[in-house]
Amino acid sequence: MRIFLAYASYKNLTVYQMDVKTAFLYGKVKEEIYVYQPPGFEDSQYPDHVYKLDKALYGLHQAPRAWYATLTDHLLANGYTRGAIDQTLFVRKDKDDLILVQIYVDDIIFVSTRSALCKEFKGVIKKKFEMSAMGEMTFFLGLQVKQDPKGGLIHQGKYVTDILTKFKTMDSKPASTPMAARPVLTSDLEGEDVDQHLYRSIIGSLMYLTASRPNIMFSFCQSARYQANPMASHLIAVKRIFRYLVGKPRLGLWYPKNYEFHLFAYSDSDFGGCNLDRKSTTGGCQYFGDRLVSWQCKKQTTVSTSTAEAEYVAASSCYSQVIWIQQQLLDYGLNFLDSPIYCDNEAALHIVKNPVQHSKTKHIDIRIHFIRDSFERKLIHLEKVHTDDNLADLFTKPFDTARFHYLLASLKLISFN
């Protein structure tokens, strides 16, 4: 959805939203499915008979797929084409204009370069399905969206208030960062046990918030590693995230309109950052101009023997996301080849550019080396960036207040009322 909104802001367009009423009831099932007679509605002459379904019902595992197939057939019959990468994206071109339609179960968002195509789309949908037109998009998949002539704001302000209230932390003392730089979070096997159900409930609530708050991504991922055996120190760490949210409850992603629209990414790693198994942490983020559309924080699957190897693995992981975005943008009519990935390790850049195997790289998993092939095909290129300016640094380790807020401002997260 963030890619969809970033494109709309780039084209200075307004995104609209519609909702399908009783969507699953429109789907036709292909299998033979029988159901018992509903209690209170049994046929007195045939009390032991069952009904054979012709259409889907809510609760059936086949219902979502049947509804999607019905909607897809209807759109394809009316001149729309389905996205090659994102199967829920539908596009229709009319000379130099186009309309983009994104489907998520019974929620539909759409945007067009010509208002007549939006009206035509509403007519096409209402011709077969009962719809409720909701106007400009303000809420989608739990994300609140505010659109104005200057740009679009994506946030979860209401959700932040809800979880602070749920876990009774609204009156906590605010923290300046979501995680303390020291001491480093450990397994703390000799610590005091805490309620595992409570800890996992907190982690689940915070995971949903990372969809619009990349600034808590690293602290959340670190805390999530200890769900199997949480201790008091881990609970203190996740409560510090709540304390940070108390001080910064209203932050959102800002997508300015009529701004440059080119794809680039940042890649970084924290060598041996996990004290449990000494595996490194991969961090990455992808931008469209000034619009942050994707970010990652993940522990690497293998132990790296050098910082160069850890950075090389991180760059390969970052490129996996970049190539997915490149392919998806082809459905939008945009071709971004030779996208830059910024990395702060000179040795990792040389490994990408030098295809020769030697003792320092021959042990690296072969699936990581696909970034070399992409470099030679000019799908991406790596550029050196100073460590202080590497924005992916935020997703690899905790920082003091000054450094954290510098990176936060660079991510284009803004406060709102």
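The residues of region 398-417 that are surrounded by fewer than 14 Cβ atoms within 10 Å (Cβ to Cβ) and assigned to a helix (DSSP H, G or I), listed by number, are Thr401, Ala402, Ala409. Within region 1-48, the set of residues being surrounded by fewer than 17 Cβ atoms within 10 Å (Cβ to Cβ), within 29 Å of Glu130 (Cβ to Cβ) and of a type in the set (Gly, Ala, Ser) comprises just one member, Gly40. Residues that are under 20 Å from the mean Cα position of the chain (by Cα) and of a type in the set (Gly, Ala, Ser) within region 168-223 comprise Gly204, Ser205, Ala211, Ser212, Ser219, Ser223, listed in sequence order. Inspect region 112-123 for any residue being farther than 30 Å from Gln326 by Cβ and hydrophobic (A, V, I, L, M, F, W, C) and give the result as yes or no. Yes, some residue in region 112-123 is farther than 30 Å from Gln326 by Cβ and hydrophobic (A, V, I, L, M, F, W, C). Filtered by the rule that a residue be under 24 Å from Leu5 (Cβ atoms), among the polar types (S, T, N, Q) and surrounded by fewer than 18 Cβ atoms within 10 Å (Cβ to Cβ), region 290-335 gives Ser320, Gln327, Gln328, Asn335. Scan region 196-249 for residues that are over 16 Å from Leu394 (Cβ atoms), among the basic types (Lys, Arg) and at pLDDT 90 or above and the total you get is 4. Mind checking whether some residue in region 267-282 is within 21 Å of the chain's Cα centre (by Cα), at pLDDT 85 or above and surrounded by fewer than 17 Cβ atoms within 10 Å (Cβ to Cβ)? No, region 267-282 contains no residue that is within 21 Å of the chain's Cα centre (by Cα), at pLDDT 85 or above and surrounded by fewer than 17 Cβ atoms within 10 Å (Cβ to Cβ). Taking (1) within 24 Å of the chain's Cα centre (by Cα); (2) surrounded by fewer than 17 Cβ atoms within 10 Å (Cβ to Cβ); (3) of a type in the set (S, T, N, Q); (4) assigned to a helix (DSSP H, G or I) in turn, Gln227 satisfies each apart from (4). All of (1) under 30 Å from Phe242 (Cα atoms); (2) aromatic (Phe, Trp, Tyr); (3) in contact with a Phe, Trp or Tyr (Cβ under 7 Å, 6 or more places away or on another chain) hold for Phe140 with one exception: (3). Consider region 76-124 and keep the residues that are of a type in the set (Gly, Ala, Ser) and free of Cβ contacts under 8 Å to residues at least 40 places away in the same chain. The one that is farthest from Gln147 (Cα to Cα) is Ala77.
The values are calculated or read from the model by the stated rules, or taken from the named source; none is laboratory data. Quick caveat: nothing in here was measured; it's all calculated off a predicted structure. As a convention, Cβ positions derive from the backbone with ideal geometry for all residues, glycine included, and neighbour counts pool all protein chains shown.
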